[in-house]
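J.: Let me begin by handing over the structure; questions about it come next.
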Amino acid sequence: MSTLAQTLRKQATLPEVRLWRLLYPFRSGAYHFRKQVQIGPFCVDFACHHARLIIEVDGDSHFLPGEQQKDVRRDAFLKRKGYAVLQFSNRDVLCTPESVYLRIEDALRNRIPNTRSRELDS
């Protein structure tokens with residue numbers, strides 16, 4: 001396990017904690033989400049390998065010069081690995097959780113489960 005991932009799990013932000021709670025109905029159903037997952041050179045906020053879905057919660061630092069370009073590179077890498085990426089701002093998660101939930105629900109509904117996910121993540 002990545003030391004960075006362990007550190008990030010222990011230092012979850014309020015929006016990450018809230019999103020984790022929003023994911024509970026999906027986690028207790030058919031989708032297994034994990035927090036702070038290392039995929040290749042990137043540590044993503046939330047991942048459901050089964051549905052090949054990544055969820056990122058972006059704080060203010062993601063809007064600084066150069067940071068959005070890093071997100072573009074990360075997303076391109078993940079898409080090459082077969083993942084879809086949903087991005088939400090901290091504000092989205094804290095102020096409009098119903099909308100966030102519905103977007104996740106819609107994304108999961110449209111994802112084809114992949115049973116070989118462990119092999120593809122290397």
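The values are calculated or read from the model by the stated rules, or taken from the named source; none is laboratory data. No experiment lies behind these values; they were computed from the predicted model shown. Please note: Cβ atoms are built from the backbone with ideal geometry, for glycine as well, and neighbour counts cover all protein chains shown. All accessible areas refer to the heavy atoms of the entire protein, side chains included, with ligands and DNA or RNA removed. Shrake-Rupley method; radii C 1.70, N 1.55, O 1.52, S 1.80 Å.
J.: Output yes when any residue across region 49-67 is modelled with pLDDT of 85 or more, closer than 23 Å to ALA12 by Cα and open to solvent by 20 Å² or more (accessible area, probe 1.4 Å), and no when none is. Quick ask: steps written out before the conclusion?
T.: In the first step, residues of region 49-67 are kept if they are modelled with pLDDT of 85 or more; the result is 49-58.
Next, from what is left, pick out any that are closer than 23 Å to ALA12 by Cα: 49, 52-58.
Restricting the remaining residues to those that are open to solvent by 20 Å² or more (accessible area, probe 1.4 Å) gives 49.
Yes, that holds for at least one residue.
J.: So how many residues does region 11-60 have that are among the aromatic types (Phe, Trp, Tyr), part of a loop (DSSP other than H, G, I, E, B) and touching a residue at least 40 places away in the same chain (Cβ under 8 Å)? Give the derivation first.
T.: Of the residues in region 11-60, the ones among the aromatic types (Phe, Trp, Tyr) are 20, 24, 26, 31, 33, 42, 46.
Within this subset, residues satisfying the condition of being part of a loop (DSSP other than H, G, I, E, B) are 31, 33.
Narrowing further to those that are touching a residue at least 40 places away in the same chain (Cβ under 8 Å): 31.
Counting residues in region 11-60 that are among the aromatic types (Phe, Trp, Tyr), part of a loop (DSSP other than H, G, I, E, B) and touching a residue at least 40 places away in the same chain (Cβ under 8 Å) gives 1.
J.: Here is a follow-up. I'd like the full set of residues that are of a type in the set (D, E, K, R) and open to solvent by less than 50 Å² (accessible area, probe 1.4 Å), limited to region 14-48. Don't jump to the end; show me each part of the working.
T.: Our first condition is that a residue be of a type in the set (D, E, K, R); within region 14-48, this holds for 16, 18, 21, 27, 34-35, 45.
Listed by number, the residues that qualify are GLU16, ASP45.
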